[in-house]
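Here is the structure we will look at, set down as structure tokens.
The values are calculated or read from the model by the stated rules, or taken from the named source; none is laboratory data. A quick note: this is a predicted structure, and the numbers were derived from the prediction, not measured. Please note: Cβ atoms are built from the backbone with ideal geometry, for glycine as well, and neighbour counts cover all protein chains shown. Only protein heavy atoms, including side chains, enter the accessible area calculation; ligands, DNA and RNA are left aside. Shrake-Rupley method; radii C 1.70, N 1.55, O 1.52, S 1.80 Å.
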Amino acid sequence: MKSNNLFPILSSPTFPLLNLCIFLILSSLLPRKSQGAVDPSFQLCSAEPETCGDGQPIEFPFRIRNKQNRSCGYPGFELSCNNRGQPTINIQSNDYIIRNISYETQILRVSNSDFWNSTTGTTCIPLTQNISLPGARFELAPFQTHVNLLYGCNASTLESTSRFSYPGCDHGENKNSSVLVLPANDPKLRNVSKACTARVVAPVLEPYERENIGDGIEGVLRNGFRVKWKASGCSICQESGGRCGFNYSEWHFKCFCPDRPHASRCISGG
């Protein structure tokens with residue numbers, strides 16, 4: 001007995017083709033990631049380093065404020081550019097001019113901006129304050145020394161130590177007529193300090209002796225000192241083709257890769 005087909009379309013040979021057409025139309029309307037799309041974080045942190053204008057490349061862990069996204073640098077390593085085109089870093093409310101960056105040894109040579117910005121054409125020592133480095137990020141590099149800057153010393157002390165005396169720069173109402181500069185190991189330091197109102201310890205690259213300093217103490221202070229930074233290294237990520245960055249949500253280093261962020265390096269074939 002011949003059965004009556006109530007659904008002739010479903011039994012038609014064209015039904016599979018119709019299903020395929022409907023599937024293709026619907027799938028084309030669904031959002032999907034296109035093949036070969038590059039992860040936005042990878043694009044955000046450019047492979048070409050930025051500069052303030054003095055030619056020094058600024059790379060991870062550093063980043064320049066208003067030039068590089070914060071995810072492209074490590075927390076606490078934000079830099080600014082001064083009006084001379086030099087990168088500067090603020091550490092514990094003090095501004096330091098970065099004179100040199102060694103990414104291999106993770107060492108900066110910096111100058112206290114107080115000494116660098118003192119009145120041009122005059123030989124004087126400005127008021128400043130002790131350097132205070134946050135141990136979690138920076139520490140003084142080894143094989144350096146320091147000098148003691150003594151402010152507000154009484155007249156008799158200045159007279160007895162005149163060979164160590166330098167003119168001080170004017171700072172509004174806080175004028176220091178003379179500043180005593182004593183090496184770190186000077187035996188007079190303990191007694192002289194009692195006759196002065198303030199003492200600042202300034203790190204310097206080379207030992208200071210008044211007799212053998214060609215550029216004077218001003219040149220020694222301007223030459224700066226070295227600090228070593230502590231942050232995740234970037235070489236493994238870079239060698240794998242990635243760009244180093246930081247995930248603030250997870251508070252952890254990330255290697256930004258074309259496919260997606262990875263923990264430390266890009267995976268071939270991502």
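Condition test on R63, is it touching a residue at least 60 places away in the same chain (Cβ under 8 Å), within 15 Å of the chain's Cα centre (by Cα) and surrounded by 14 or more Cβ atoms within 10 Å (Cβ to Cβ)? It is false that R63 is touching a residue at least 60 places away in the same chain (Cβ under 8 Å), within 15 Å of the chain's Cα centre (by Cα) and surrounded by 14 or more Cβ atoms within 10 Å (Cβ to Cβ).
Taking the criterion of being closer than 21 Å to S111 by Cβ and polar (S, T, N, Q), the only residue of segment 214-270 that qualifies is N223. Being touching a residue at least 60 places away in the same chain (Cβ under 8 Å) and of a type outside the set (A, V, I, L, M, F, W, C) holds for only one residue in S111, S156, S132, S102, and it is S111. Just to be sure, is L127 surrounded by 15 or more Cβ atoms within 10 Å (Cβ to Cβ) and outside any strand (DSSP E or B)? Against the criterion (surrounded by 15 or more Cβ atoms within 10 Å (Cβ to Cβ) and outside any strand (DSSP E or B)), L127 qualifies. Evaluation of E211 against the conditions (1) in a helix (DSSP H, G or I); (2) at pLDDT 85 or above shows that the sole unmet condition is (2). Within the group G241, G245, G219, which residue is modelled with pLDDT under 90 and either out of contact with any Leu (no Cβ under 8 Å at 6 or more places or on another chain) or open to solvent by less than 80 Å² (accessible area, probe 1.4 Å) (or both)? None of the others qualify; the one that does is G219. Please tell me if Y74 is open to solvent by 40 Å² or more (accessible area, probe 1.4 Å) and among the hydroxyl-bearing types (S, T, Y). Judged against the criteria, Y74 is a match. Within segment 222-233, the set of residues being part of a loop (DSSP other than H, G, I, E, B) and either touching a Gly at 6+ places or on another chain (Cβ under 9 Å) or open to solvent by 70 Å² or more (accessible area, probe 1.4 Å) (or both) comprises K230, A231. Determine which single condition L133 fails, assuming it passes every other condition in (1) hydrophobic (A, V, I, L, M, F, W, C); (2) more than 14 Å from the chain's Cα centre (by Cα); (3) under 26 Å from W251 (Cα atoms). L133 satisfies all of (1) hydrophobic (A, V, I, L, M, F, W, C); (2) more than 14 Å from the chain's Cα centre (by Cα); (3) under 26 Å from W251 (Cα atoms) except (2).
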